[in-house]
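Student: Below you will find the structure I want to go over with you.
The values are calculated or read from the model by the stated rules, or taken from the named source; none is laboratory data. Remember, predicted model here, so these are calculated numbers, not experimental data. Note: ideal-geometry Cβ built from the backbone for every residue, glycine included; neighbour counts use all protein chains shown. Just the protein is used for accessible areas: all its heavy atoms, side chains included, with ligands, DNA and RNA removed. Shrake-Rupley method; radii C 1.70, N 1.55, O 1.52, S 1.80 Å.
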Amino acid sequence: MIAHLKGREKALEAFGWTGREAEWIALACLHSGVFTRDQISDWLGIHRRSARRFIRDMSDRRLASSDPLAGRRVCRIYARAVYRALGAEDIRHRRIASVPVLLRRLLSLDYVMGHADQAWLPTEPEKVAAFEALGLDREILPVRVYRGGGGNTRRHFPLKLPVALDAGGAVFVYADPGHDTATGLHAWGRAHRELWGALRDRGRPVEAVAVVLGDGEFDRAEKVLANWTDPARPTGRPAASATGREIRREIERIEQGIRGRDESVTQEHGSLRGCLARLAELRAALPNAPSEAMIDGFTVWRSSRLSGDVF
């Protein structure tokens, strides 16, 4: 039994999936929406030819499709009925996505496969509800505003990366799809900084995990995550640097205001140019502010199923 599925895999019996197969479909849908033949072969302990037949059967039943990815094929589960059965009809994993997004989802699934016993929060509502249950305001959660003809939609945890939470602490996973720089990792850290601080204030240790494919991404992630920790701090909750935290929170508030076109933030500083000038001032002050750890520990995890010729 995989506890974080909460028995949702049983709803897939209507599609003919039971046991380990049902667990696999539930994991794939909730954490990525896509998977490779090697991933399902490993999970079910079957030969790749059997995995190919399994995928072909899903395609024939119009539950999934075989999509191109970097010259290879991945299986994408797109049937709305499957996601509805899992209580995740609104999840966007059903949709066709860009190569970086597909790689990010595959890496996320690959990590969860090897750590399925952790207390994962697979969907956006589950993540939001879990942190609100701790008394945290959703305003400190990572968010992105999507603009459309029907109005604006706010999506929390927009990258849909794995998050686990229990009494022992929290685990946040970043999947690197092969970026040439650490820009994406730094942006992810900034988006979570206030949440991580609030969790640590409540005695919940925070671990960050970077899931990567190659040596370059591994070394880069290790350096960045090491800078987010403070190995010299004593056991227990350290005395936080109020000055450093306040500066970073103000930077994040102005950045979110600019991204969300919040007129109140723009008016506060006179104009967009004024916002940018204020950001420059705040960032210049950071090196002189006392340092503080963002996280309590980290892991860099390399995927073997998605590397080289196996992918």
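Student: Test each condition in (1) hydroxyl-bearing (S, T, Y); (2) modelled with pLDDT under 85; (3) in a helix (DSSP H, G or I) for S291 and report the one that comes out false.
Tutor: Every listed condition holds for S291 apart from (3).
Student: Among the numbered criteria (1) within 22 Å of the chain's Cα centre (by Cα); (2) modelled with pLDDT under 90; (3) open to solvent by less than 80 Å² (accessible area, probe 1.4 Å), which one does A240 miss?
Tutor: Going through the list (1) within 22 Å of the chain's Cα centre (by Cα); (2) modelled with pLDDT under 90; (3) open to solvent by less than 80 Å² (accessible area, probe 1.4 Å), A240 breaks only (1).
Student: With respect to E132, is the statement that it is out of contact with any strand residue (DSSP E or B) (no Cβ under 7 Å at 6 or more places or on another chain), over 30 Å from G45 (Cα atoms) and not hydroxyl-bearing (S, T, Y) true?
Tutor: Here the answer is yes, as E132 does meet what is asked.
Student: Another question, if that's okay. All but one of (1) at pLDDT below 95; (2) surrounded by 14 or more Cβ atoms within 10 Å (Cβ to Cβ); (3) under 22 Å from the mean Cα position of the chain (by Cα); (4) small (G, A, S) hold for S66; state the number of the condition that does not hold.
Tutor: Status for S66: all satisfied but (3).
Student: Another question, if that's okay. Looking at (1) in contact (Cβ under 8 Å) with a residue 40 or more places away in the chain; (2) farther than 22 Å from L30 by Cα, which one does D166 not meet, given that it meets all the others?
Tutor: (2) is the only condition that D166 fails.
Student: Name the single residue, out of those in the stretch 130-143 being without any contact (Cβ under 8 Å) to a residue 60 or more places away in the chain and surrounded by 12 or more Cβ atoms within 10 Å (Cβ to Cβ), that is farthest from R253 (Cα to Cα).
Tutor: A130
Student: Please enumerate the residues belonging to the stretch 150-184 that are out of contact with any strand residue (DSSP E or B) (no Cβ under 6 Å at 6 or more places or on another chain) and within 19 Å of L107 (Cα to Cα).
Tutor: Of everything in the stretch 150-184, those that are out of contact with any strand residue (DSSP E or B) (no Cβ under 6 Å at 6 or more places or on another chain) and within 19 Å of L107 (Cα to Cα) turn out to be F157, L159, K160, P177, G178, H179, D180, T181, A182, T183, G184.
Student: Considering each of E23, E89, E9 in turn, give the residue that is under 22 Å from V163 (Cα atoms), assigned to a loop (DSSP other than H, G, I, E, B) and of a type in the set (D, E, K, R).
Tutor: On inspection, the qualifying residue turns out to be E89.
Student: What number of residues within the stretch 183-208 are surrounded by fewer than 17 Cβ atoms within 10 Å (Cβ to Cβ) and either at pLDDT 95 or above or not in a helix (DSSP H, G or I) (or both)?
Tutor: Residues meeting the conditions: 3.
Student: Something else: Name every residue in the stretch 94-129 that is among the β-branched types (V, I, T) and surrounded by fewer than 21 Cβ atoms within 10 Å (Cβ to Cβ), in order of residue number.
Tutor: I96, V99, V101, T123, V128, listed by residue number.
Student: Something else now. Would you please list the contacts, defined by Cβ atoms under 7 Å and residues six or more apart or on different chains, that run from a residue in the stretch 269-283 that is surrounded by 12 or more Cβ atoms within 10 Å (Cβ to Cβ) to a residue that is part of a loop (DSSP other than H, G, I, E, B)?
Tutor: Pairs that qualify, where the first residue is surrounded by 12 or more Cβ atoms within 10 Å (Cβ to Cβ) and the partner is part of a loop (DSSP other than H, G, I, E, B), are C275/H269; R278/H269.
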